[in-house]
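No lab work stands behind these numbers, since they all come straight from the coordinates. Quick caveat, the model's predicted, so the values are computed rather than measured. Methodologically, a virtual Cβ is constructed for each residue, glycine included, from the backbone with ideal geometry; neighbour enumeration extends over all protein chains shown.
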Amino acid sequence: MYEAHKIITDILGLFQFTDISQFLLPKVGVGAEIEAKEIVSIAPLLKYTLIFLAGMSTVFGFVLAFAAKKFAVKIDPRVEQVNDVLAHAHCGACGYAGCEQYAEAVVKDPNVSPSLCIPAGEKAALKVAEITGKKAEIKEKELARVICQGGWSKSQKKYAYEGVMDCRAAVLAGGGDKSCIYGCLGYGTCERVCPFDAIKMGSDNLPIIDKDKCTACRKCEAACPKKVIEVLPAAKAVLVSCHSRDKGADVRKACKVGCIACGMCVKVCPFDAPKIDKNLARIDMDKCRVCGLCVAKCPTNAIEDFIAPRTKASVLDNCIGCQICAKACPVEAITGENKKKHVINQGKCIGCGICAIKCPVQAIGGTFNAEQIRIAKQKEKAKKAAVA
């Protein structure tokens, strides 16, 4: 008991900084009956310890300061300026992991275009070009398109799927529950991955894309296990909304609106844009003038017209009666005598805009696909210039 009490007393004495001689000085005398009584002060020990620590801190401080200055990485202020302009969607559409990485690349690498942040739009591209001293390439607006119209009411199913409501999970079960192995499964994966809230699932379990919100970031395109979503130029608004490569008879059994490769679109197109390839019609985007004539003639409604509603053409007062529009009209909706103002039959007109493209004096009115008409006119002028 005496020894235990003595140890406790010694520990308490140590923490109170009163006397540590019991630990520092040995006991002397036979049987340790005589004990040294000298008092050792802790103040000098603390003093020199603090001086040592202060000195070491100063030395290390100078070393760290020198290292920070010597090995400092200089950050170009333009990187931060570019980063502030970007959309901060981190969608990967630019080809980089995130907006910060793209900002650094576009500032440091002269070969990186300032127009790669598609979600930020044209204004951001011009601003990035201004900051980096580069020339912005203004790209044609693009949109995500759903290349399938076979909703649950228009297509057949192989079995009742009861798993996780996700297209990527459903496709693991035998390629999905749809009889058409190429069609949209309709479980909303694209809606959930869209960072801009541009996709909503419709009543027939098909994605509906808001063209005003879509930035063509391609997240939905990458997430779709059936690859039915494609990012395409917005001006190309007439598309074969089907991916099926099955024969016509098999397509009809699986889906009411699938392409059966009948070739009707090939026959009626005045621009030779559609072709049949491996049981599927495909439209050459460079040849297509978005007239919509193939849409009206398709027997299964597999060709989709994204220009809705189309405004029908009208003849303006500056018409010179050249009859070029009448000859070009694919539905014979234009009539009129030579050198007299022509008339357009509104009942026949389909709003294709071909007459507006061909008119040499721009005497055809209407708001139908004005952008596509402008592009078509530019191409025709370029062809004429090349021939001349």
Q. Tell me, what ³J(HN,Hα) does each residue in segment 179-190 have, in order and in whole Hz, if you take phi through Karplus 6.51 cos²θ - 1.76 cosθ + 1.60 with θ = phi - 60° and put x for Gly and Pro?
A. 5, 7, 6, 9, x, 5, 7, x, 9, x, 4, 4
Q: Please list the non-local residues whose amide H lies under 5 Å from the amide H of GLY150, H modeled 1.01 Å from N, same-chain partners needing a gap of 5 or more.
A: CYS184
Q. Counting only residues 5 or more places away or on other chains, whose amide H sits under 5 Å from the amide H of GLY351 once H atoms are built in the peptide plane?
A. ALA313
Q: Rounded to whole Å and ordered largest first, report the semi-axes of the equivalent ellipsoid of segment 294-339 derived from its Cα gyration tensor (root of 5λ).
A: 29, 13, 6
Q | ³J(HN,Hα), Karplus 6.51/-1.76/1.60, whole Hz, each residue of segment 341-350, x for Gly, Pro | A | 4, 8, 10, 10, 6, 5, x, 8, 4, 10
Q.
Can you classify segment 69-161 as rounded, prolate or oblate using the Cα gyration tensor, where a ≥ b ≥ c are the square roots of its eigenvalues, rounded means a/c under 1.5, and otherwise it's prolate if a/b beats b/c and oblate if not?
A. prolate
**Q.** Filter on LYS278/LYS327; LYS127/LYS219; LYS211/LYS275; LYS287/LYS312; LYS139/LYS341 - keep pairs with C-alpha separation over 29 Å
**A.** LYS278/LYS327; LYS139/LYS341
(Q) Just the number: Rg to Rh for segment 142-231, Cα atoms, Kirkwood Rh, two decimals. (A) 0.95
**Q.** Charge context of VAL82, other residues only, Cβ under 13 angstrom, K/R +1, D/E -1
**A.** -3
**Q.** Dipole of segment 124-180, positive direction: furthest Cα of ILE131, TYR159, ALA169, with charges on the beta-carbon
**A.** ILE131
(Q) Just to check I understand the Karplus step: with θ = phi - 60° and J = 6.51 cos²θ - 1.76 cosθ + 1.60, what whole-Hz values come out for segment 58-68, glycine and proline as x? (A) 5, 4, 5, x, 5, 5, 5, 5, 5, 5, 5
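Just to confirm a number: summing +1 for Lys and Arg and -1 for Asp and Glu over residues other than PRO114 whose beta-carbon lies under 10 angstrom from that of PRO114, what do you get?
Value of the local net charge: +1.
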Q: Would you mind getting the Kirkwood hydrodynamic radius of segment 210-360 from its Cα pairs, rounded to one decimal in Å?
A: 17.3 Å
